[in-house]
Amino acid sequence: MSTRAPRRLERRKEPITPLLVTNNCPQTIWPGISTQSGDGPKNNGFELKTGDTRNQTVSEDWQGRVWGRTNCSFNDDGTGPKSGSGRACRSGDCNGILNCQVGGDVPVSLAEFTLDAGDGHTYYDISLVDGYNVPMAIILQPLQNASLDDIPPNLIHPSCEGTAGLLKPKGYDPYSSGQPDFLRTNSTYPLPFEQQVNDQQVSKWCPWDLQQDPPDKPGDGVYPYPDDNIQRPAFNPCFSACAKNNRPEDCCTGPYNSPTKCQPSQYSKNVKAVCPDAYSYAFDDQTSTFIIPSGAGFEVVFCPGARSTNILSTESEKMRQLAQSGHVSNGNSQSTMMKRFRADAFRRSGATRSIRLDGTVLTVTFLATACVLGYAATF
């Protein structure tokens, strides 16, 4: 995919970029945030109860990651676990403290961002290269930037739903099921969903030996293949082959440091079946990286619901246009539909509201979204 910089048209002038984190999971999540470059948010770790959203800001050139921690228990001041020492969270832990200073322990699902690479592009992805623990989606916030507002929303909002019990049935349509603005899209611009896997397959996609907490080995201690008759945990974080084994052939290092030498493992193949838009191993960027003009804010949603998206493969030509030129070629009919989509979004929002983020007022058009989960997973 080409990385030629698009023209920067009507670049947003505010010196801050919103980074929102929303928890739609049945249980509390403790998000973690790490900054690789630029100015990160004030809080790099916090508690987020079901249905809550935390608004923060980062610099326009921020590069960093967002992940979810589960089953956490901290002491009163958040400087360590509630009792003893070591880990405070079952997955995604960051040295046992609430306000993360380092990245999360693997296995962990990651939302990765490079907001301005210096070439006029923003790059972002959902990465399972280090493993999987919580479903997530990424939603763009165009923030009155006309060059971003004209991008069809069903091209830029990836979602990964890889947890048993949270996956909706094949053919599920969120727009006619009480979620008309699912992930800031609608029936005019519907998200393309993966339609092959079912909930039983999702419950067993993680290779047996890569489970964080596999059931006890039966018999003489040999892992069973196949293992269809052995009950797995309801909440089952999964290591990637690289994170678990640290072998050059799995991590694409040493003599395997090229796309021709490093091939996807069984873990990576399973990831692409369950979450087609997610990064599965080091050289998977062609089918996992989203590239748009710089200038947007973002929202990370844990447990978004519905099914995983399949945007990059089903809309490959449009995504190529977007990466190369910063826009998608629209006929008159599609341009008219975009105007109607924006008008409908504004009417449903009720108004354009001002919100205060880190002491600065931004004017943002909000869509009323609801993500109803019909399953209470145990985190």
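The values are calculated or read from the model by the stated rules, or taken from the named source; none is laboratory data. Just so it is clear, the structure is predicted and the values come from calculations on it, not from any experiment. Virtual Cβ from ideal backbone geometry, glycine too; neighbours counted across all protein chains shown. For accessibility, only protein heavy atoms count, side chains too; no ligands or nucleic acids. Shrake-Rupley method; radii C 1.70, N 1.55, O 1.52, S 1.80 Å.
Working note: Karplus 6.51/-1.76/1.60 with θ = phi - 60° gives the range 202-210 the couplings 5, 5, 10, 6, 6, x, 3, 7, 9 Hz, where Gly and Pro are set to x.
Local charge for K272 was computed over the other residues whose Cβ lies under 10 Å away, with Lys and Arg +1 and Asp and Glu -1, and equals -2. With a Förster radius of 35 Å applied to the C-beta separation of E249 and K82, the computed FRET efficiency comes to 0.30. Karplus-based coupling profile of the range 317-322, in residue order and whole Hz: 5, 5, 5, 5, 4, 5, with θ = phi - 60° in 6.51 cos²θ - 1.76 cosθ + 1.60 and x standing for Gly or Pro.
Counting every pair of alpha carbons in the range 106-349, the share spaced more than 32 Å apart comes to 25 percent.
Given axes a ≥ b ≥ c from the Cα gyration tensor, I'd like to know whether the range 23-175 is rounded (a/c under 1.5), prolate (a/b larger than b/c) or oblate. Walk me through the numbers on the way to the answer.
Details: a/c = 2.05, a/b = 1.31, b/c = 1.57.
In terms of gyration-tensor shape, oblate.
Hey, can you rank 43-49, 279-285 by average C-beta count inside 10 Å, highest first? Mind dumping the intermediate values first?
Numbers: 43-49: 17.4, 279-285: 21.1.
Peptide ranking by packing, descending: 279-285, 43-49.
In this simple spin-label approximation, Q321 and Y175 carry label points 7 Å from Cα along the Cα→Cβ vector, and these lie 1.8 nm apart. Just going by the charge dipole of the range 134-289, with Lys and Arg at +1 and Asp and Glu at -1 on Cβ, which of P255, N236, I151 is farthest out on the positive end? The one lying farthest along the dipole's positive direction is P255. Taking all protein chains into account, the per residue accessible area for the range 106-349 stands at 39 Å² (1.4 Å probe). Peptides 296-304, 28-36 ranked from most to least packed, by the mean per-residue count of other Cβ atoms within 10 Å: 296-304, 28-36.
Separation of the range 108-134 from the range 271-297 is 8 Å, based on Cα centroids.
What is the magnitude of the charge dipole of the range 106-349 about its Cα centre, with +1 placed on the Cβ of each Lys and Arg, -1 on the Cβ of each Asp and Glu, and no other charges, expressed in debye to the nearest 20?
It comes to approximately 600 debye.
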